[in-house]
1. For segment 86-131, which positions are under 14 Å from the mean Cα position of the chain (by Cα) and open to solvent by less than 50 Å² (accessible area, probe 1.4 Å)?
2. Looking for something over 21 Å from Gln44 (Cα atoms) and hydroxyl-bearing (Ser, Thr, Tyr) - is there at least one such residue anywhere in segment 67-76?
3. Just one of the numbered conditions (1) modelled with pLDDT under 60; (2) surrounded by 11 or more Cβ atoms within 10 Å (Cβ to Cβ); (3) under 17 Å from the mean Cα position of the chain (by Cα) is not true of Leu83; which one?
4. So is Arg106 among the charged types (D, E, K, R) and closer than 13 Å to Met63 by Cα or not?
5. When you scan segment 29-80, how many residues do you find that are charged (D, E, K, R), surrounded by 13 or more Cβ atoms within 10 Å (Cβ to Cβ), farther than 20 Å from Lys98 by Cβ and at pLDDT 80 or above?
6. On the basis of being hydroxyl-bearing (Ser, Thr, Tyr) and at pLDDT below 95, does Tyr91 make the cut?
7. Looking at Tyr137, is it under 18 Å from Thr58 (Cα atoms), in a strand (DSSP E or B) and more than 11 Å from the chain's Cα centre (by Cα)?
Amino acid sequence: MLQKSLFAVLLLPFMLLLGCNTTSTSNNTTFAPVDYDEAFKVGQMVKFADSGAYMARTSGTSMEPVLTKNTIIIVRPIDFDDLEEGMTVGYLNKNGEKVLHQLIRRAGPDAWVAKGINNAREDKERVTRKNLMGVLYTVLYNEASEPRAR
């Protein structure tokens with residue numbers, strides 16, 4: 001019982017973050033103020049059991065302005081047949097690097113074309129059943145969510 005109560009207390013900030021992390025005003029997205037270290041700790045508290053989901057930190061600029069450098073994300077497995085245009089997915093490139101880009105169109109029944117939204121060109125590699133790691137599930141932290149001094 002105590003363990004369930006503790007889990008509920010630890011999960012509350014995560015749930016609040018999911019419930020109010022963004023609000024839309026025209027084409028701009030604003031984030032509730034969240035500290036990087038706090039978001040990282042929340043991400044580590046989430047137990048994914050055998051779901052295959054993982055927490056990661058972005059390192060490039062290919063998905064700016066939506067995902068800036070050092071954005072903390074959760075990527076969750078998805079069945080290849082459930083992919084849809086516009087989804088942001090993680091895949092493993094031929095160099096063994098994890099790439100997080102948006103699906104822009106099908107390239108036949110067994111592949112998708114992906115592209116970083118800030119990139120001029122499509123990815124040369126295709127997203128396939130074999131290299132697909134998962135879909136962007138949630139954002140725990142983005143530089144835009146840093147608390148600002150008043």
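The values are calculated or read from the model by the stated rules, or taken from the named source; none is laboratory data. Here the structure is a predicted model, which is why all the values come from computation and not from measurement. Neighbour counts run over all protein chains shown; Cβ positions are idealised from the backbone, glycine included. The accessibility values were calculated without ligands, DNA or RNA, using every heavy atom of the protein model including side chains. Shrake-Rupley method; radii C 1.70, N 1.55, O 1.52, S 1.80 Å.
1. Gly86, Met87, Thr88, Val89, Gly90, Tyr91, Val99, Leu100, His101, Leu103, Gly116
2. Filtering segment 67-76 down to residues over 21 Å from Gln44 (Cα atoms) leaves none.
No.
3. (1)
4. Working: among the charged types (D, E, K, R): yes; closer than 13 Å to Met63 by Cα: no.
So Arg106 fails the test.
5. 1
6. Numbers: hydroxyl-bearing (Ser, Thr, Tyr): yes; at pLDDT below 95: no.
It is false that Tyr91 is hydroxyl-bearing (Ser, Thr, Tyr) and at pLDDT below 95.
7. In short, no.
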